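Note sheet for the following structure.
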Amino acid sequence: MTTPPLAPKRAGTPSPRPAWPAWLLSAALASAWLPQAHAETYVEAPAQATPTITLAAAWDKALAANPGLQAARYGAAAADGLVMQSQARPNPELSVNIEDTRPETRTHTVQINQLIELGGKREARMQLADTEKAAAEAGVTAALAALRYQLLLNFNELLLAQQRVDFATQIHALATQALNAANKRVQAGKVPPLEASRALVAQANAAMELEQARALTGVAQQNLAALWGGRGAELGLASGDFLTTTAAPTAEQLDQRLDEAPAMLLAQRALAQSQAASAVERSKRVQDPTVSLGVKRARDVGRNQVFVGVSIPLPLFDRNAGNQLQALRKVDQAEQQLQDQRLQLQAQVFAARQQWLSSNQQVALLQSQVLPTAQSAYDLAVRGFSLGKFSFLDVLDAQRSLFDSRRQLLDQLMASHRARAEIERIFGTPALAAATGT
């Protein structure tokens, strides 16, 4: 086959350019397009602030919608009806009698009977109602103290969970840093691959701890929001100073306020209520007469007859002695319960204050000595491992000591906040604020 002759090249015609490979052409187009695409795709959106909630805002929500507190308030409101009813006097009775069935001898009698209370029964009944109302109001105070305690506890639990997330994030970062250092040493042939495997296990454990801390944060959010019937997913993060502790009040300050504690108020109201009930039973020793006034119409006589009568019970068989004895013994019981309540509160206050003092001391020691020393030891171990002076087991040991120290710090901080919340539960917020001067 004859090859056709090439066409003669015209004068001034440029030589044909060599064809670019497809992959090179794609790369060139991609490099020319990427800056614009990056600018369009990664336009920085306005940052949305993470919702937060303060202790004061959570307290307002709990005050407005906590079911237990609302129930206590309704109980106090119901006592107003009891006071109102105690002031009522006995109703009169209307009696109508018809005697005989024959019209010519039939007799009609209409009379009104009125019970007259003697012996101070009405006053004793009103006093008993007042003491029951005071007990219901003391119950509201106790419910407020209990709600405040639960709120402080749940709020600090959420702060603790958030601190654990931050702590677990730092642990994961340190474990990743140690893993990178171990991989470099293995690649350089200075340590066996076992060191990298150990670092990988430590990094995986740190990742699991981080996920667990995030899950516990969600649980703490739900526990806090449950105090007012909210949802933890809508709560956000708690805003508060978890890393700072407050000084515990003195034992003398707490002992002076002990009688003002809500539990003591409840016991005092119970004693007053039993005393008022005993007064009611004593007032029943005086019998109440019934006065009658009526008109009698007799057909055979042909005129009306007005009559007045008085009746009074005769205490021959029932002198109310059993109820009086029961009321007296209940007064004795309430007095002993008041003393027992004071002893229990004294023991609870002592234990909570000792825990408060001990936790504050532990926090100060951890922050001033233990944590700086553990951090310095860990930094030296990582640096020495990078230089080949230490094995990775030394790094893991220093890492474990650092992590344990940080966990102890968070635990002691929570113990301090819990002890303070316990003191506030015992005395109520106003009592604690007055005792500590805060």
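No value in this document is a laboratory result; all are computed from the given coordinates. All values derive from a computational prediction rather than experimental measurement. Cβ sites come from the backbone with ideal geometry, for glycine too, and all protein chains shown count toward neighbours.
For the chain, give the magnitude of the charge dipole about the Cα centre (Cβ charges: +1 Lys/Arg, -1 Asp/Glu; no others), in debye to the nearest 20. Using only the charged Cβ atoms, the result is roughly 920 debye. Relative to the longest principal axis of the Cα atoms of the chain, helix 67-86 runs at roughly 10 degrees.
Distance between the C-alpha centres of the stretch 203-271 and the stretch 64-95: 34 Å, rounded to the whole angstrom.
Note on the chain: helix-only mean residue ellipticity at 222 nm, from DSSP H runs of 4+ residues weighted -39500 (n - 2.57) and normalised by residue number, equals -23000 deg cm²/dmol.
Identify which of the listed values of Rg/Rh (Cα atoms, Kirkwood Rh) was calculated from the structure shown: [x] 1.37; [y] 1.00; [z] 0.98. Answer label, from the structure shown: [x]. Database remark: amide H of ALA238 closer than 5 angstrom to the amide H of ILE53 (H placed geometrically; neighbours at sequence offset of 5 or more, or on other chains; Pro and chain starts carry no H). Identify the residues of the stretch 277-310 with backbone N under 11 Å of a label point that sits 7 angstrom from the Cα of THR105 along the Cα-to-Cβ direction, or state none. What the label zone holds, given the 11 Å backbone N cut-off, is 300.
At an R0 of 60 angstrom, the distance between the Cβ atoms of LEU55 and GLN114 translates into a FRET efficiency of 0.50. What is the stretch 105-229 by shape, rounded, prolate or oblate, if you read a ≥ b ≥ c off the alpha carbon gyration tensor as root eigenvalues and call it rounded for a/c under 1.5, prolate for a/b larger than b/c, and oblate otherwise? Verdict is prolate for the stretch 105-229. Note on LEU338 and THR176: the model spin-label points, each 7 Å out from Cα along the C-beta direction, lie 6.5 nm apart.
Angle of helix 193-225 to the longest C-alpha principal axis of the chain, folded into 0 to 90 degrees and rounded to 10: 30°.
Applying a DSSP loop filter and a limit of 13 other Cβ atoms within 10 Å to the trypsin sites (Lys or Arg not before Pro) in the stretch 155-261 leaves LYS190, ARG231.
Length gained on full extension, LEU237 to GLN212, computed as 0.36 nm times the residue gap minus the Cα-Cα distance: 7.3 nm.
The label point for ARG285 and the one for GLU252, both projected 7 Å from the Cα toward the Cβ, are 4.8 nm apart.
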